[in-house]
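Step one of this worksheet: look at the structure below.
The values are calculated or read from the model by the stated rules, or taken from the named source; none is laboratory data. Remember, it's a predicted structure, so these values are computed and weren't measured experimentally. Ideal geometry is used to build each Cβ from the backbone, glycine not excepted, and the neighbour counts take in all protein chains shown. Note: accessible area is taken over every heavy atom of the protein model, side chains too, but ligands, DNA and RNA are not part of it. Shrake-Rupley method; radii C 1.70, N 1.55, O 1.52, S 1.80 Å.
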Amino acid sequence: MQLAFAPELKAFREEAADWLNSQLNGPFKAIRSQTNQVDNVEERRAWEAALGAARWSVIGWPEQWGGRNASIAQQIIFAEEYARAKGPPRAGHLGVELMGPTLIAMGNDDQKQRFLPDIAGGKAIWCQGYSEPGAGSDLANVKTKARLEGDRYIIDGQKIWTSMGTIADWCFVVARTEPGSVGGKGLSFLMVPMDQPGVDARPIRQMTGEAEFAEVFFDGAEALAIDRIGNEGDGWRVAMALLGFERGVSTLAQQMHFRNELDEVIAIARRNGKANDPIIRQKIAQAHAGLKIMRYNGLRMLSDGEGGADLSGAAYTYKLYWSQWHRDLGELAMDVLGQEGEIGASEERFDGLPNMYLMSRSDTIYAGTDQIQRNIISERGLGMPREPRGK
Ligand SMILES: Cc1cc2nc3c(=O)[nH]c(=O)nc-3n(C[C@H](O)[C@H](O)[C@H](O)COP(=O)(O)OP(=O)(O)OC[C@H]3O[C@@H](n4cnc5c(N)ncnc54)[C@H](O)[C@@H]3O)c2cc1C
């Protein structure tokens, strides 16, 4: 059995690699290898625009909306080459991977025409306004309210952990539009401009020293009624459909980033002699094997998707597996670095592998915690009884 991409995809891979390498060794050299999501905002916006202009930003989308109708295999190949060329995290990723696909699937024609070109062209950065202080895993407990006045909604409430909240142009917000409703009922999905007096995004400093996410306060903020996706009260369905994109293809190709990180750990272990330590050697071998398993599982998901079958079978286990693997890699990196790993790049922040170690602690939290992933595997993957709610 050969687990690999079809040979005719070689030319596509070369075209992508050539373009990425010419850009990231040329005009965008300064942001190559950058890991932080909110540093160098202007360069990051320019990079999004360059990807858009060359039609590499949203390759899986239909051509009509700036994409290339790329197959899932091509999307994975592009993402692999992106990581190989050491492209920075995409400032536009929430628009490109979540908001855009949701608009294509559930938006009306007017919304598609007004929003998709700016996402595809790298002109609009989006953030995700789901979590609140009392609504994380239990997202249906959202308390942020929106009331319709004339042609617009007036929004009051608070979101938290909003990645890129301080730099985003737009936020997709789940808000309660039916007073007194509980759970998933009575919610609506609104697209809200961030640059307005009623929105206050305050940065939250992380243990890396950076502030990539924010708490976002809505105090009489406005969203046009025509910028609601789906019917009023139907926001839960839209919000869940959007998460389906998050748990699908978009997480597949990060393995190349992981490979880069593991290679760096191995290079340091060779240099500082830790590679001679049998326990470190064993952990490196385990990390290598784990990455292979992740790749084969990724290819399994890929072939499920190409066959038109439900991606979910293999996909359910994917987040749990990669997040735990990556957390272990962070710990291995610190074992290999030793005391050197405890020193920040400056007094204020950690970069490189220490940054990766600290950030990896969040991998088992965002996009569904480990415990929630296990609930999903047991309930949806294995058909076990649902856990009792409200206890
Ligand atoms: C780096 C990072 C970026 C993020 N970016 C965003 C963003 O851009 N937009 C956004 O909206 N949110 C974002 N989040 C928030 C993220 O979605 C939430 O942190 C996550 O959903 C968990 O919610 P919580 O923090 O409220 O924890 P809680 O839901 O309070 O969970 C606390 C603990 O209880 C466990 N638990 C809760 N319910 C159950 C259950 N039913 N069964 C078993 N165990 C359970 C959890 O697993 C966890 O261990 C981000 C988080 C991080 C760490």
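The packing ranking of peptides 155-161, 63-69, highest mean first, is 155-161, 63-69, where packing means the average number of other beta carbon atoms within 10 angstrom of each residue. Taking amide hydrogens as placed 1.01 Å from N in the peptide plane, the amide H of residue 127 sits under 5 Å from those of 170, 171, 172, each at least 5 positions away in sequence or on another chain. The Cα-based radius of gyration and maximum Cα-Cα distance (Dmax) for the stretch 7-91 are 12.6, 38 Å. So what does log10 I(q)/I(0) come out to for the stretch 126-233 at q = 0.13, 0.25 Å⁻¹, using the Debye formula with one equal point on every Cα and no solvent? Each listed q maps to, in turn, -0.42, -1.44. Sorting 114-120, 343-349 by average packing, meaning the other beta carbons within 10 Å per residue, from highest down gives 114-120, 343-349.
The heavy atoms of residue 296 present about 110 square angstrom of accessible area, all protein chains included, probe 1.4 Å.
With a 1.4 Å probe and all protein chains left in place, how much of the accessible area of the stretch 248-381 comes from carbon and sulfur atoms, in whole percent? Each step should come with its number before you reach the end.
Numbers: 3540 of 6850 Å².
That share works out to 52 percent.
Between residue 276 and residue 340, what is the FRET efficiency for a Förster distance of 25 Å, r being their Cβ-Cβ separation, to the nearest 0.05?
Efficiency, rounded to the nearest 0.05: 0.90.
Considering only alpha-carbon pairs that sit under 8 angstrom and 6 or more positions apart, the relative contact order computed for the chain is 13 percent.
Under the 0.36 nm per residue contour assumption, what length would be gained going from the current alpha-carbon distance of residue 156 and residue 296 to full extension?
Values: separation 140, 0.36 × 140 = 50.40 nm, distance 4.59 nm.
Value of the extension gain: 45.8 nm.
For the chain, the Kirkwood hydrodynamic radius from C-alpha pairs, put into Stokes-Einstein at 4 °C and a viscosity of 1.567 mPa s, yields a diffusion coefficient of 58 µm² per second. For the chain, the longest principal axis of the alpha carbon atoms and the long axis of helix 10-24 meet at an angle near 80°.
Could you calculate the contour length gain from residue 33 to residue 231, that is, 0.36 nm times the residue separation minus the distance between their Cα atoms, to one decimal place in nm?
Working: separation 198, 0.36 × 198 = 71.28 nm, distance 4.22 nm.
Computed gain between residue 33 and residue 231 is 67.1 nm.
At 222 nm, what helix-only mean residue ellipticity would the chain give, in deg cm²/dmol to the nearest 500, using -39500 (n - 2.57) for each DSSP H run of four or more? Intermediate values should be presented prior to the final figure.
Details: 11 runs with 161 residues, N = 391.
Calculated at 222 nm, the ellipticity per residue is -13500 deg cm²/dmol.
Between residue 108 and residue 205, the modelled labels are 4.7 nm apart [label points 7 Å from Cα along Cα→Cβ]. When only Cα pairs below 8 angstrom with a gap of at least 6 residues are kept, the stretch 126-233 shows a relative contact order of 31 percent. For the stretch 1-62, a crude dipole built from +1 on the beta carbon of Lys and Arg and -1 on the beta carbon of Asp and Glu, taken about the Cα centre, is about 40 debye to the nearest 20. Distant-in-sequence amide contacts of residue 132, defined by a placed amide H-H separation under 5 Å and a gap of 5 or more residues or a different chain, comprise 160. So how far, in whole Å, is the C-alpha centre of the stretch 57-80 from the one of the stretch 348-377? If we compute the Cα centre of each part, the gap is 27 Å. Distance between the C-alpha centres of the stretch 276-294 and the stretch 125-147: 39 Å, rounded to the whole angstrom.
Pairs spanning more than 23 Å between alpha-carbon atoms, out of 86/274; 123/143; 292/319: 86/274; 123/143. Once both axes come from the Cα atoms, what is the angle between helix 41-53 and the longest principal axis of the chain, in degrees from 0 to 90, rounded to 10? Helix 41-53 and the main axis of the chain meet at about 90 degrees.
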